[in-house]
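What follows is a single structure, written as structure tokens, with notes after it.
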Amino acid sequence: MSYRAPVNDIRFVLNELAGLSEVCALPGNEDTNPELVDAILEEAAKFAEGVLAPINRNGDLHGNTVDNGVVTTAPGFRDAYHQFRDAGWVGMRGPVEYGGQGMPALVTMAVEELWCAANLSFSLCPLLTLGATEALHHHASDELKSIYLPKMISGEWPGTMNLTEPQAGSDLAQVRSKAVPNPTGDGSYLISGQKIFITWGEHDMADNIVHLVLARLPDAPAGVKGISLFVVPKFLVNADGSLGARNDVRCVSLEHKLGIHGSPTCVMSYGDNGNAVGYLVGEANRGLSYMFTMMNHARLGVGVEGMAISERSYQQAVAYARDRVQSRALGSDDASSAAIIKHPDVRRMLMTMRSQIEAQRALTYLTGAALDKAARHPDAAEKQKAQALVNFLIPIVKGWNTEQANEITSLGVQIHGGMGFIEETGAAQHYRDARITSIYEGTTGIQALDLIGRKLASEKGTTAKVLLTEVAATVNKLKAAGDLAVIGDALEAAQEATIKTVDYLLATFDSNPRAAAVGSVPFLKQMGILLGGWQLGRAALIARQKLADGEGDAAFFESKISVARFFAAHQLPQVAALAQTIRFGAESALEIGEELL
Amino acid sequence: MKALVAVKRVVDYNVKVRVKADGSDVDIGNVKMSMNPFDEIAVEEAVRLKEAGKVSEIVVVSLGVKQCEETLRTAMAMGADRGILVETEAPLQPLAVAKLLKAVVDKEQPQLVILGKQAIDDDANQTGQMLAALLGWPQGTFASKVVVADSKVDVTREIDGGLETVALKLPAIVTTDLRLNEPRYVKLPNIMAAKKKPLDKTTPADLGVDPAPRLTVLKVAEPAKRSAGVKVASVQELVAKLKNEAKVL
């Protein structure tokens, strides 16, 4: 099934909701403007549709194979990566001084959506490279940066992130991999240990791979404060920049997974022969905090993945619903069978998918714009406000987009009926591929704890209350906008319910943290739905204005209003129910004896 | 050697156009527009000739509304060196386009002019031929292979029943067919660089050309809907129907 980049929808969100022109006006972004972004989107769309989407099924069918440490990727992946690299997409957000294009996060995010939707497995390789690049750029010495960054930003040497070990998943304090000073005394370290779940840890698409590895130094304190970050290249790099000896790091095996089969998930072994050379990034024992600076970006990236895979699933479901003829249309005089898109429940399912995707795209891109403002806004207070907004929204975007991706791609299968359960239609691949997104880079549970703790309680709800006030302003505009008032009413009810849960969580977090934690994921979902509905309300107001002005494509703007109305009727009411669960549901989850579970 | 490539901004090939309610034209009010695919092939060929050292400069020309600038920027992102926009709101027919291009050619003095064999909106397939006639230059149309050597160009043409190779003395006109090449994916740094390449603007009046249409469109209509078929019981009935009703036998 082919993929069509939703360029019009993306452009609408960028320009009308996320404030692309404001982002372009930030210092350092002078070279970017909406026309250039248009041109970039068009070309990225061609690449995603023409190169990445056609090999998506190859990745699923063939997966990767490993033979004696050598990983062979699925047919077409290597060639596609070379095209991707040569087209300069890897370095889109990379720092200009190392050969990147220095594009704003917001613009990069829009392009990443296309890569993720076209081929989620493929997109993970450049996404992880970006994360590794950022970690090095912010924390490594100039020497390490000059050796590795130009090659990583050009895409010649992709990067990986080696955090997880069998006993250290969500709890990285358990990391056991070791680093000892190299007896040669050259300042490098010898790394040993096993890392698991290493995405694109080994493959045949590049000459070298740059691993970022968490490990403990001999004298390191126990726990999270004793973890350091190291660069461990697959091939050592000579003084002149050429590739030297093969380093003592190898892929021991590939995981057998539920989805994203095109992406090799490696078990990596460091120092089997006692000779895995690594270089310390920044200061000793600061590794975890270095990782966390870019974990935020990575989490946002996974939020984009969730939304993107939902879009892919939606496109396939719509195409099937238009094509599949089955049963007469309800209430029609025509006795002949109709395309299933005419059936009310199929429409409900399609709109459930579509409205959530549009809400997620708006909220996600809003976060991207805030990320740019937090990085580059000239006014210190605005900068700080934007950073607080980013911090608050990231667990919501990550958690909500990916939890819903599971439901949305499941509806994508459902719309296909029995054929959805059959692999050949391809609907099932999206469903399986989506499943990991609510797990990796911190499960939804981890995101939700982060949200109610570090993001809500620790700042006494400041950012949450700012957002609730902004939602209220949109409510007032909607209620004064004639036929949009119905959206305003639904949004208002959701906003009021959320005020109560915020108060409840702030009151409970310290006194009864276990009770607060039971409500954390429902609260994350509640915030996602409320803020998504808020964005769609804004979209409806803008669309109404455009229609009144006779500007642009009327059908497009009318669809924005329909989508917002649907979301207000089908999604926003869930906020009040979630509020009940959050406020009154803790005891029932905690009272039952553990042995009875 | 300088090459000049003409590019047209047309309705994107993925768009299903609709006829306006009054039957005067197709409705292209809010649809996606992009470079005519045959012209993309023309730009790609020029860029390949430049990469092979046969061409030293590529000038792209587009004629029409202001937004044709985007089409020119795309061509420059693919590798063209500079752009010329002949800006006009007037509807342009092939003869007017050929005359305008002749005026540009007179100014620019390229040795090679490459155009798409036709545009996917009006499918006229006339501009290249008309331009050749106006300039008095040789033409190689429907090219599936272009070899430039010294002062000539060998053009392999896609014709009914096979291929024909013609040798043209430069300067010459080449129009491209689909099999000539596969246009490249544009590189991100080149999109940025294209913004900074020179783009000159001129008008039909500046070029001394009256672009007024010579042909009048009487009516635009959707193709007739295909009516439902019938099942025949036997071969005999089918043959009878083909003979008597369809009258094709």
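Which whole-number percentage describes the relative contact order of chain B, with Cα contacts under 8 Å and a sequence gap of 6 or more?
The normalised contact order for chain B reaches 23 percent.
Looking only at other chains, what is the average number of their beta-carbon atoms within 10 angstrom of each beta-carbon in B:180-193?
That average works out to 5.
How big is Rg to Rh over region A:514-597, alpha-carbon atoms, Rh as the Kirkwood inverse-mean-distance radius?
That ratio equals 1.26.
Which one, B:Val155, B:Val217, B:Val97, has the greatest fluctuation when you compute a Gaussian network model over chain B with C-alpha springs under 10 angstrom?
B:Val217
For the Cα atoms of chain A, what angle does the longest principal axis make with the long axis of helix A:287-323, in degrees from 0 to 90, nearest 10?
Approximately 40 degrees, to the nearest ten.
Can you pull the percent of Cα pairs in region A:445-589 with separation above 17 Å?
On the way: 6228 of 10440 pairs.
Everything past 17 Å amounts to 60 percent.
If you line up the long axis of helix A:344-376 against the longest principal axis of chain A, both from Cα atoms, how many degrees apart are they, to the nearest 10?
Value to nearest ten degrees: 50.
Please find the FRET efficiency linking A:Ala319 to B:Asp154, where r is the Cβ-Cβ separation and R0 is fixed at 60 Å, and quote it to the nearest 0.05.
FRET efficiency, A:Ala319 to B:Asp154: 0.85.
Loop only by DSSP, 13 or fewer other Cβ within 10 Å of the Cβ. Give me the trypsin sites (Lys or Arg not before Pro) in region B:33-98 that pass, ordered by residue number.
Passing sites in region B:33-98 are B:Lys66.
What ranking do A:360-368, A:540-548 get when scored by the average of other Cβ atoms within 10 Å per residue, highest first?
Highest-to-lowest ranking by the protection proxy: A:360-368, A:540-548.
Note down the relative contact order for chain A as a percent, whole number, built from C-alpha pairs under 8 angstrom at least six residues apart.
RCO, chain A: 13 percent.
Work out the length of the dipole vector of region A:344-452 about its Cα centre, built from +1 on the beta-carbon of each Lys and Arg and -1 on the beta-carbon of each Asp and Glu, and round it to the nearest 20 debye. Present the calculation step by step, with values, prior to reporting the outcome.
Values: 11 positive and 12 negative charges, 56 e Å.
Approximately 260 debye in magnitude.
Angle check, please: helix A:380-415 long axis (alpha carbons) against the longest principal axis of chain A (alpha carbons), in degrees 0 to 90, nearest 10.
The angle comes out at about 70 degrees.
In terms of the ratio Rg/(2.2 N^0.38 Å) built on C-alpha atoms, what value belongs to chain A?
Values: Rg = 24.4 Å, N = 597, 2.2 N^0.38 = 25.0 Å.
So the Cα radius of gyration is 0.98 times the expected 2.2 N^0.38 Å.
Given the pairs B:Lys50/B:Lys197; A:Lys225/A:Lys525; B:Lys107/B:Lys187; B:Lys50/B:Lys195; A:Lys455/A:Lys500, which are separated by over 25 angstrom at their Cα positions?
Cα-Cα > 25 Å for A:Lys225/A:Lys525; B:Lys107/B:Lys187; rest within.
Let me have the relative contact order for region A:159-289, percent, based on Cα pairs under 8 Å that are six or more residues apart.
About 31 percent, as a whole number.
For chain B, modelled as a Gaussian network with Cα springs under 10 Å, which listed residue fluctuates most, B:Leu170, B:Leu215, B:Leu101?
Maximum fluctuation in the GNM of chain B, among the listed residues, is at B:Leu215.
On a C-alpha basis, how far is the centre of region A:334-350 from the centre of region B:182-249 in Å? Whole number, if you could?
The distance from the Cα centre of region A:334-350 to that of region B:182-249 comes to 32 Å.
Considering the alpha-carbon set of chain B alone, what are its Rg and its Dmax in angstrom?
Cα-based Rg and Dmax for chain B come out at 21.3, 71 Å.
What FRET efficiency comes out for the pair A:Asp142/A:Ser327, r = Cβ-Cβ distance, R0 = 56 Å, nearest 0.05? If you can, show how the numbers build up before the last one.
Working: r = 68 Å, r/R0 = 1.21.
Computed FRET efficiency for A:Asp142 and A:Ser327: 0.25.
222 nm [θ] for chain B, helices only, -39500 (n - 2.57) per DSSP H run of 4+, per residue, to 500?
Taken over chain B, the calculation gives -8500 deg cm²/dmol.
Let me know the charge dipole size of region B:164-222 about its Cα centre in debye, to the nearest 20, where only the beta-carbon of Lys, Arg (+1) and Asp, Glu (-1) is charged.
Approximately 360 debye in magnitude.
Rg (Å, one decimal) plus Dmax (Å, integer) for the alpha carbons of region A:343-392?
So, for region A:343-392, Rg and Dmax equal 16.5, 54 Å respectively.
In whole Å, what three semi-axes, largest first, describe the equivalent ellipsoid of region A:7-153 built from its Cα gyration tensor (square root of 5 times each eigenvalue)? Walk me through the numbers before you get to the answer.
Working: eigenvalues 152, 99, 24 Å².
Those come to 28, 22, 11 Å.
To the nearest whole number, what is the average tally of beta carbon atoms from other chains within 10 Å of the beta carbons of peptide A:46-55?
The mean count of partner-chain Cβ atoms within 10 Å per residue comes to 1.
Along the charge dipole of chain A, which of A:Leu491, A:Ala515, A:Asn15 sits closest to the positive end, that is, farthest toward it, with unit charges on the beta carbon of Lys, Arg, Asp and Glu (+1, +1, -1, -1)?
Of the listed residues, the answer is A:Ala515.
Sort all Cα-Cα distances of region A:209-318 into consecutive 5 angstrom bins from zero, then give the percent of pairs in each bin up to the one containing the longest distance.
Cα pair-distance distribution for region A:209-318, in percent: 2, 10, 13, 15, 17, 16, 12, 7, 4, 3, 1, 0.
Write out the trypsin sites (Lys or Arg not before Pro) in region A:3-64 meeting two conditions: DSSP loop, and at most 16 other Cβ atoms within 10 Å of their Cβ.
On the way: sites: A:Arg4, A:Arg11, A:Lys46, A:Arg57; in loops: A:Arg4.
Those satisfying the criteria are A:Arg4.
A short reminder: the numbers here are calculations on the coordinates, not readings from a lab. Note that this is a predicted model, so its numbers are computed, not measured. With ideal geometry, Cβ positions are generated from the backbone for all residues, glycine too; neighbour counts draw on all protein chains shown.
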